[in-house]
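The values are calculated or read from the model by the stated rules, or taken from the named source; none is laboratory data. Given the structure is predicted, the values throughout are model-derived calculations rather than measurements. Cβ placement follows ideal geometry from the backbone for every residue including glycine, while neighbour counts extend to all protein chains displayed. These accessible areas exclude ligands, DNA and RNA; they are computed on the full protein's heavy atoms, side chains included. Shrake-Rupley method; radii C 1.70, N 1.55, O 1.52, S 1.80 Å.
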Amino acid sequence: NNQIYGMTGGQFSPTTPYGSNAATAPYGHIEQAFSIAELAVTAGAAFVGRGTVFHVQLLDKLIEDAVLKRGFSVVEIISNCHIQFGRRNEMGNPVTMLEWMRDHAVTVEKAGK
């Protein structure tokens, strides 16, 4: 999954994954998550990147590339909320959530296949 999981306080956001529980969606989020990266591409961004907080070296590179690229750039950073999202969705502790990101993140090359 490649979305931001919610906003401070545990309420759902447009990027909360479908079916995920939140303070304002106790029975599960009923809408598909909104893709920030796809919106940026469609809007004509010169550079679009996406990475997780587990992949720190990749994020460093993406942010550097975005700053150096001439024109509008977007870097979407997938981060965990272990206090609200993790607890409400039985995802364990922060380390478990980071491992989940590591195991579920998909590279551009892999997504193309």
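All of 48, 75 fail the test of being modelled with pLDDT of 85 or more, buried (at least 18 other Cβ atoms within 10 Å of the Cβ), of a type in the set (Val, Ile, Thr) and touching a Gly at 6+ places or on another chain (Cβ under 9 Å), apart from 75. The combined condition, being of a type in the set (Asp, Glu), surrounded by fewer than 13 Cβ atoms within 10 Å (Cβ to Cβ) and under 25 Å from residue 24 (Cα atoms), is fulfilled by residue 90. If you go through segment 60-72 and keep only what is among the β-branched types (Val, Ile, Thr) and open to solvent by 90 Å² or more (accessible area, probe 1.4 Å), you end up with just 67.
Among the residues of segment 19-35, those identified as of a type outside the set (A, V, I, L, M), over 20 Å from residue 83 (Cβ atoms) and either over 19 Å from the mean Cα position of the chain (by Cα) or open to solvent by 80 Å² or more (accessible area, probe 1.4 Å) (or both) are 27, 31, 32, 34.
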